[in-house]
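Comments concern the structure below.
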Amino acid sequence: QVQLVESGGGLVQAGGSLRLSCTASGTIFSLSAMDWYRQAPGKQRELVALTRTGGTTIYADAVKGRFTISRDNAKNTVYLQMNSLKPEDTAVYYCYARQSLHIYWGQGTQVTVSS
């Protein structure tokens, strides 16, 4: 089993920045994926950014150029640096990880951007 714990959410004004962290613990041998998703009120959960063990990163069009995903494999941690935040970025942000055929989700962290 793998547990994911997110941190770093909060309230920020438009144009501000936040850095989210997600640390995996438990029985870890190879996390092939560590990604960030978000879910705004009344909307479906959507991919924000993904990273793979080979170094590939992909971003949703809505966050390209503003968000940066990075990963520290030694710490089993993935980060999401969010700059130039907009009110439409307001959502619960979830960490996602995959190990072999198993997927795991964090509990989510709230990000609120005021205008």
Residue pairs meeting the criteria (Cβ under 7 Å; at least 6 apart or on separate chains; first farther than 19 Å from Ala97 by Cα, in segment 67-86; second open to solvent by less than 70 Å² (accessible area, probe 1.4 Å) and of a type in the set (Lys, Arg)): Met82/Arg66; Asn83/Arg66; Ser84/Arg66
If we keep only residues of segment 47-72 that are open to solvent by 50 Å² or more (accessible area, probe 1.4 Å) and part of a helix (DSSP H, G or I), then the residue nearest to Ala91 (Cα to Cα) is Ala62
Just name the residue that is nearest to the chain's Cα centre (by Cα) out of those in segment 1-25 that are over 15 Å from Pro87 (Cβ atoms), among the small types (Gly, Ala, Ser) and open to solvent by less than 30 Å² (accessible area, probe 1.4 Å). Ser21
Within segment 26-43, tally of residues that are modelled with pLDDT under 95, open to solvent by 30 Å² or more (accessible area, probe 1.4 Å) and under 16 Å from the mean Cα position of the chain (by Cα): 1
Residue list for segment 15-49, restricted to those being more than 14 Å from Tyr96 (Cβ to Cβ) and hydrophobic (A, V, I, L, M, F, W, C): Leu18, Ile28, Phe29, Ala40
Kindly provide the set of residues from segment 33-66 that are in contact (Cβ under 8 Å) with a residue 24 or more places away in the chain and of a type in the set (Phe, Trp, Tyr), ordered by number. Trp36, Tyr37
In segment 93-107, residues that are surrounded by fewer than 18 Cβ atoms within 10 Å (Cβ to Cβ), in a loop (DSSP other than H, G, I, E, B) and touching a residue at least 60 places away in the same chain (Cβ under 8 Å) total 2
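Only one of these is at pLDDT 95 or above and farther than 16 Å from Val111 by Cα: Ala14, Ala60, Ala74. Name it. Lay out the reasoning, then the answer.
Details: Ala14 fails: farther than 16 Å from Val111 by Cα; Ala74 fails: at pLDDT 95 or above.
After ruling out the rest, the residue left standing is Ala60.
The values are calculated or read from the model by the stated rules, or taken from the named source; none is laboratory data. Predicted model, so just to flag it, every value in this text is computed and none were measured. Here Cβ is always computed from backbone atoms with ideal geometry, including for glycine, and neighbour counts include all displayed protein chains. With ligands, DNA and RNA removed, areas are computed over all heavy atoms of the protein, side chains included. Shrake-Rupley method; radii C 1.70, N 1.55, O 1.52, S 1.80 Å.
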